[in-house]
Amino acid sequence: MAVSKELLEILVCPVCKTPVRLTPDSKGLKCSTCRRIYPIKDDIPVMLPDEASVEAE
Amino acid sequence: MSGQSLRRGIARGVSWSRQGEAVTTKDREQLERIRERFTRTAQSFAQFALGARGEEAERLARMAVPGLRDAAGAVALDLACGPGTFTRAFAARVRLVVGLDFTPAMLSQAREAVARAGLGNVAFARADANVLPFGNSALDLAVCAYSFHHFLDPARTLRELNRVLGPGGRVALVDIIVPEGADSKLNNRIERTRDPSHASTLTSDEFTALLEAAPFRSIASETSERRRQFDDWMQIMGLLPGSSGYAETRRLMETSMPGDTAGFHPRFVSGGATAAVTASGAGLSPSEEAASSAKREIEFVQTTLFVVAEKR
């Protein structure tokens, strides 16, 4: 079971409110503005800034 | 450097909020208490809530959905969805429900409950109620059931719900309240002794004022009372007779019996017949009274507020 498409359409980065996009490996949701990547665990997006990683430049 | 940028720039344990309301160490500690409680009691809590509160979920949905603009196309949030009791009821009436919770064990329970109900229009995410992963005006309806008493800053959470709702959007809230005239401090002390993740039960007037301030305009509001067995209530929390948490919660509940100071209307129940509170222990020494009361079942009442309000 993947993350629902309808959910992906409305999820934004909780920090900067930019819409997030699925990463190429489908294991996370990335914010293109602040470069945080929110993990998807057990098919559930974890939209917590404390659990996000920040992609290096 | 202004005070604001100083706070954002250097404070440890405070970080990343661009909305001007930072997440503090206290917030994080409260979230961890919530996660601990609802992970440890996931099974017993889910069993209780999905059973005992199913009818209340239907009732709230009947209050909130009719009259909502384009209900069939609406996107709803179930904030702090727990085991999905209210998620189920609303999913049957709107296009999509997003169940959010901080506790992974609750999201697992909710996902199972929704699958058992055969509902395909539900999605889940983990999030913090004060920092929602939705844009401004993104949603039509926000449900939040039996959760405000876990929130440290309910005014802030209501402002956040107001932000993510579009024009005409509604909140549908259910929560326990402290009845009018009761000692709010004692009521909350009893709740917190049982559940360390309990923040504060509000009164109906406090809820009304917080909704006004967010700002929301109240559309409908009702209260109801649920009679509960003290031992069942404790068991949901994993507290059995003999544990210190059980003993202390029970002692405080018994303390509130004369005059019903905490507003729980507690009373001893013995062998199916109920003993009047004031008659308890008549003619017994204090130690005899304590020994006899410890064996007696207590019944009490939780007062619940249902409220639906529209974004202003």
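The values are calculated or read from the model by the stated rules, or taken from the named source; none is laboratory data. The model shown is predicted, which means the values in this text are computed figures rather than measured ones. All Cβ positions, even for glycine, are placed from backbone atoms using ideal geometry, and neighbour counts span all protein chains on display.
Residues of the stretch A:37-57 that are in contact with a strand residue (DSSP E or B) (Cβ under 8 Å, 6 or more places away or on another chain) and farther than 18 Å from B:LEU100 by Cβ: A:ILE37, A:SER53, A:VAL54, A:GLU55.
Of the residues screened, B:GLY67 is not one that is more than 14 Å from chain A (Cβ to nearest Cβ) and touching a Phe, Trp or Tyr at 6+ places or on another chain (Cβ under 8 Å). Is it fair to say B:SER224 is over 17 Å from B:GLU297 (Cα atoms) and over 18 Å from the mean Cα position of the chain (by Cα)? Judged against the criteria, B:SER224 is not a match.
Within the stretch A:1-27, restricting attention to residues that are surrounded by fewer than 13 Cβ atoms within 10 Å (Cβ to Cβ) and without any contact (Cβ under 8 Å) to a residue 40 or more places away in the chain, which residue is farthest from the other protein chains (Cβ to nearest Cβ)? Residue satisfying both the conditions and the ranking: A:PRO24.
Among helices (runs of 4 or more DSSP H) entirely within the stretch B:209-312, having at least 1 residues that are of a type in the set (A, V, I, L, M, F, W, C) and at pLDDT 95 or above singles out B:230-236, B:244-255.
Specify the residue that is farthest from B:ARG69 (Cα to Cα); the eligible residues are those in the stretch B:131-155 that are surrounded by fewer than 21 Cβ atoms within 10 Å (Cβ to Cβ) and more than 14 Å from every other protein chain (Cβ to nearest Cβ). In this case the residue turns out to be B:LEU152.
Taking the stretch B:78-194 and the strands (runs of 3 or more DSSP E) fully enclosed by it, no element has 2 or more residues that are among the acidic types (Asp, Glu) and at negative phi.
So that you can scan it fast, the table gives a plain yes or no per residue for (1) within 19 Å of A:PRO14 (Cα to Cα); (2) at pLDDT 95 or above:
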{"residue": "B:GLN4", "(1), (2)": "no, no"}
{"residue": "B:ARG12", "(1), (2)": "no, no"}
{"residue": "B:THR24", "(1), (2)": "yes, no"}
{"residue": "B:ARG28", "(1), (2)": "yes, yes"}
{"residue": "B:ARG40", "(1), (2)": "no, yes"}
{"residue": "B:PHE48", "(1), (2)": "no, yes"}
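Here B:GLY118 fulfils each of the conditions (1) surrounded by fewer than 24 Cβ atoms within 10 Å (Cβ to Cβ); (2) facing chain A (nearest Cβ under 8 Å) apart from (2). For the stretch B:190-208, the set of residues classified as surrounded by 18 or more Cβ atoms within 10 Å (Cβ to Cβ) and of a type in the set (Lys, Arg) consists of B:ARG194 only. Could you list all residues from the stretch B:42-91 that are within 25 Å of B:ASN162 (Cβ to Cβ), among the acidic types (Asp, Glu) and surrounded by fewer than 24 Cβ atoms within 10 Å (Cβ to Cβ)? Hits for the stretch B:42-91 are B:GLU56, B:ASP70. For the stretch B:159-188, the candidate set comprises residues that are closer than 18 Å to B:THR208 by Cβ and under 14 Å from the mean Cα position of the chain (by Cα); within that set, the residue that is surrounded by the most Cβ atoms within 10 Å (Cβ to Cβ) is B:LEU173. Does A:VAL46 satisfy the criteria of being of a type outside the set (Lys, Arg), facing chain B (nearest Cβ under 8 Å), surrounded by 13 or more Cβ atoms within 10 Å (Cβ to Cβ) and within 10 Å of the chain's Cα centre (by Cα)? The answer is yes for A:VAL46. Within this structure, B:PHE124 passes the test of being surrounded by 19 or more Cβ atoms within 10 Å (Cβ to Cβ) and either within 13 Å of chain A (Cβ to nearest Cβ) or closer than 26 Å to A:VAL3 by Cα (or both).
Residues in the stretch B:106-113 include none that are surrounded by fewer than 21 Cβ atoms within 10 Å (Cβ to Cβ), basic (Lys, Arg) and either closer than 20 Å to B:LEU141 by Cβ or more than 15 Å from the chain's Cα centre (by Cα) (or both).
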